[in-house]
1. Among the residues of the stretch 125-151 satisfying the criterion of being without any contact (Cβ under 8 Å) to a residue 24 or more places away in the chain and within 18 Å of Y70 (Cα to Cα), which is least open to solvent (accessible area, probe 1.4 Å)?
2. How many residues does the stretch 159-189 contain that are of a type outside the set (S, T, Y) and either more than 14 Å from the chain's Cα centre (by Cα) or open to solvent by 90 Å² or more (accessible area, probe 1.4 Å) (or both)?
3. Among the residues of the stretch 111-147, which ones are polar (S, T, N, Q), outside any loop (DSSP other than H, G, I, E, B) and more than 17 Å from T58 (Cβ to Cβ)?
4. Go through the stretch 7-35 residue by residue and tally those that are open to solvent by 20 Å² or more (accessible area, probe 1.4 Å) and not in a helix (DSSP H, G or I).
Amino acid sequence: VAPLRREQILNGLFAAMSKKGFEAVSISDIARESGVARGVLHYYFTNKEEMLFELNRTLTDTYYARLGKYVSRFPTPIERLKAFVRFHTTGDEREVNQLAGVWVEFWGKAAGGHGVAETVAGLQVKLRAMIEECLRDGMKDGSIRRINAGPAAVAILGAVEGLLLQWRVNSRLVSLKDTVEEMERMVMC
């Protein structure tokens, strides 16, 4: 029961964070979203910070595995790069918005030196490596012109993360569909 209960609580934290942000979320909010009594939270987690760290680790592992599986389905380097961009913006807009909101929280915490910084930084290293591999494969087969793959990977990841941040802040003015299409055209350049 313990692993299922912990997952239930982390799902509750996710739901609460996506609505209010981590700092504004109370233990009562997490309990309500989890469907458990407040005291149950403390049986499985020491405090809200421990829940945040575990949610960050769990989401990071799940996200990276799903992304890798999705991107690997595409045969060419250009298609894999486009898939990398598309992965972050497809699906139900409500779910994308929730995920973006929680990741914005993680990025903010990481930038401030919080305990999630190591996990976030490690994930970004892996993501840049994934992008660099696509770029290098494309340079080998001639589909991508010669570029410096490392800085290009930083720019592509920054564009994806920046899009999600801007869309999360003002989804009425930033169109995911239009922006992703433009990013795909940029990748083709």
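1. Applying the filter and picking the extreme gives E132.
2. Residues in the stretch 159-189 being of a type outside the set (S, T, Y) and either more than 14 Å from the chain's Cα centre (by Cα) or open to solvent by 90 Å² or more (accessible area, probe 1.4 Å) (or both): 19 in total.
3. The one that is polar (S, T, N, Q), outside any loop (DSSP other than H, G, I, E, B) and more than 17 Å from T58 (Cβ to Cβ): Q124.
4. Qualifying residue count, the stretch 7-35: 4.
The values are calculated or read from the model by the stated rules, or taken from the named source; none is laboratory data. From a predicted model like this one, the values you see are computed outputs, not experimental measurements. Using ideal geometry, Cβ is built from the backbone for each residue, glycine included, and neighbour counts are taken over all protein chains shown. The protein model used for the area step is the full one, side chains on, heavy atoms only, and it has no ligands, DNA or RNA in it. Shrake-Rupley method; radii C 1.70, N 1.55, O 1.52, S 1.80 Å.
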